1. Taking only region 137-166 into account, find how many residues are over 29 Å from E210 (Cβ atoms), open to solvent by less than 70 Å² (accessible area, probe 1.4 Å) and not in a helix (DSSP H, G or I).
2. Looking at region 401-420, which of the residues that are basic (K, R) and within 17 Å of the chain's Cα centre (by Cα) is modelled with the lowest pLDDT?
3. Does region 227-242 contain at least one residue that is open to solvent by 30 Å² or more (accessible area, probe 1.4 Å), basic (K, R) and closer than 15 Å to T421 by Cα?
4. Among what's in region 400-417 and is assigned to a loop (DSSP other than H, G, I, E, B) and charged (D, E, K, R), pick the residue that is farthest from D201 (Cα to Cα).
5. Do you know which of the residues in region 167-184 that are more than 16 Å from E149 (Cα to Cα) and not aliphatic (A, V, I, L, M) is most open to solvent (accessible area, probe 1.4 Å)?
6. So E273 clears everything in (1) touching a helix residue (DSSP H, G or I) at 6+ places or on another chain (Cβ under 8 Å); (2) in contact (Cβ under 8 Å) with a residue 24 or more places away in the chain; (3) more than 20 Å from A298 (Cβ to Cβ) except one condition, right? Which one?
7. Residue check, K260 against (1) over 21 Å from F409 (Cα atoms); (2) outside any helix (DSSP H, G or I), all met but one. Which one?
8. Wholly within region 302-384, which helices (runs of 4 or more DSSP H) include no fewer than the required count, namely at least 1 residues that are in contact (Cβ under 8 Å) with a residue 40 or more places away in the chain?
Amino acid sequence: MIRIMIFIVIAAVLVGITTEIAKIPGEVTINWEGWRIVAPIPLLLLIFSVLVAAGVLVYAVSNGLLRIPAKILSIYRRSKEERGYRALTQGMVAVAAGDAREARRQASRANALLSQPPLTMLLSAQAAQLQGDEEAATRYFTAMLAKEETAFLGLRGLLIQAQKSGDRAEALRLAERANSLHPKTDWVLNTIYELHTEGRDWESATRALEDLRKTKSLDAETISRRRAAIALLQCAEATAKNNQTGRVSAGKLAYKIAPKWLPTCINLAEIFEDTGEKNKALKLIKKNWSKYPHYQLAQIYNRCLSDNNPIQIVPQIEKLISKDWSHPESQIALGEAMLNANLWGAARVHLEAALKVRETSFACRLMARLEEEEKRDLDASNKWLKRATDLGLDKFWQCTDCKGSYTEFSPDCRGCRGLGTLNWREIPESSPVSQLGEPREKSTEVSKSAISLQ
């Protein structure tokens with residue numbers, strides 16, 4: 001409706017203008033080489049308008065004809081480009097699907113249709129990788145280094161290849177170069193850290209962790225755990241080399257970095273025990289027992305008091321557990337101390353209190369010992385031992401990353417090699433032990449990096 005109204009208005013204006021022009025009085029006389037032309041002004045204006053319109057029409061037609069070849073070429077190029085991008089997309093889909101043959105075919109099509117090699121080199125390299133042609137893939141990735149816009153992608157491809165081939169030195173060189181191109185890139189910094197840990201270059205790994213901390217790629221607790229794990233590994237290496245000074249220094253550093261992580265406390269307590277600083281070990285365990293009452297800390301505490309009469313140890317244990325009296329580990333620690341002192345009735349009370357909360361294999365073994373020493377009842381003792389065996393693994397170290405479970409602690413997980421990922425776990429009362437099964441690490445061989453935490 002609006003268009004019709006606009007058309008009517010325009011037509012009315014044109015009619016009005018034509019009418020006014022027709023009313024213009026006068027004539028125009030033209031004398032040219034004996035010719036005399038007399039024409040009314042309206043007619044002359046009409047002829048002029050027709051000539052202008054004809055000129056415009058001729059110009060438009062001729063210009064259109066001249067631009068036809070360029071338009072045809074543009075349409076062809078656009079069609080070629082569209083087909084090239086379609087081949088590139090289909091090639092990427094084929095790579096994701098693992099179809100090496102289709103990826104290679106689409107890469108060849110994209111390379112022929114697109115005049116932008118950087119867009120097709122990555123696809124060609126990935127297609128070559130799928131087909132197992134590492135030499136061709138290396139050639140493509142290396143060619144990508146020549147162009148600034150693709151250099152980073154080329155480095156990443158070469159880095160992945162170096163890691164696959166086990167060339168850690170080359171992978172590290174490429175990762176450092178990638179970091180210089182794009183500093184603070186999370187995956188690059190993590191790769192540098194992982195390569196240094198694989199090479200057991202703890203100083204460089206610590207520097208890489210500092211870079212990760214600055215970029216806030218990891219949370220503070222994870223950073224602290226990893227640094228503490230590195231210190232524990234350095235402690236283990238110092239122990240293996242009989243470097244007592246290095247062991248003490250690394251152990252103290254680990255505890256300073258992550259005082260809330262149980263392994264650092266156990267490790268430092270063992271160091272104090274081994275170096276004869278038993279009072280320091282006792283003080284450390286007393287300070288931390290309420291945070292994590294652990295049976296190994298209780299064992300260290302007992303060993304540090306071993307010169308005392310067993311009766312004298314009992315009040316010391318009572319003092320140790322005073323802040324967390326009701327915890328099963330506290331009850332077991334006190335029950336064991338009373339058992340060692342031949343206070344059988346009191347030992348039974350505390351062990352049974354612990355067993356009411358949760359049956360554990362260690363508590364069952366103590367009950368077996370109690371039945372044998374107090375009553376000489378081997379049948380009852382054997383029943384408790386059988387229950388201990390049936391319970392199997394009721395406490396273990398578990399990796400927060402791969403969920404692997406181990407009876408022995410190691411600063412680096414033996415499954416996924418993650419640093420600082422193992423935490424002490426107790427099977428909850430509602431979860432039968434049988435559902436958790438055996439630890440994933442079935443081999444009895446202990447990792448070289450494992451320290452004596454059990």
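1. 0
2. Narrowing region 401-420 to residues basic (K, R): 403, 414, 417.
The next check asks that each one be within 17 Å of the chain's Cα centre (by Cα); those that pass are 403, 417.
Working: K403: 89, R417: 86.
Across region 401-420, the extreme among qualifying residues is R417.
3. If we filter region 227-242 for residues that are open to solvent by 30 Å² or more (accessible area, probe 1.4 Å), which is where we start, we get 227, 234, 237, 239-242.
Filter again for basic (K, R), leaving 227, 241.
Okay, now just the ones that are also closer than 15 Å to T421 by Cα, so 227.
For region 227-242, residues open to solvent by 30 Å² or more (accessible area, probe 1.4 Å), basic (K, R) and closer than 15 Å to T421 by Cα: present.
4. Top of the filtered list is K403.
5. K184
6. The failed condition is (3).
7. (1)
8. Numbers: elements: 310-320, 328-340, 344-357, 361-375.
In region 302-384, 328-340, 344-357, 361-375 are the helices (runs of 4 or more DSSP H) which contain 1 or more residues that are in contact (Cβ under 8 Å) with a residue 40 or more places away in the chain.
The values are calculated or read from the model by the stated rules, or taken from the named source; none is laboratory data. Given the structure is predicted, the values throughout are model-derived calculations rather than measurements. Note that we place each Cβ from the backbone using ideal geometry, even for glycine, and neighbour counts take in every protein chain shown. Note: accessible area is taken over every heavy atom of the protein model, side chains too, but ligands, DNA and RNA are not part of it. Shrake-Rupley method; radii C 1.70, N 1.55, O 1.52, S 1.80 Å.
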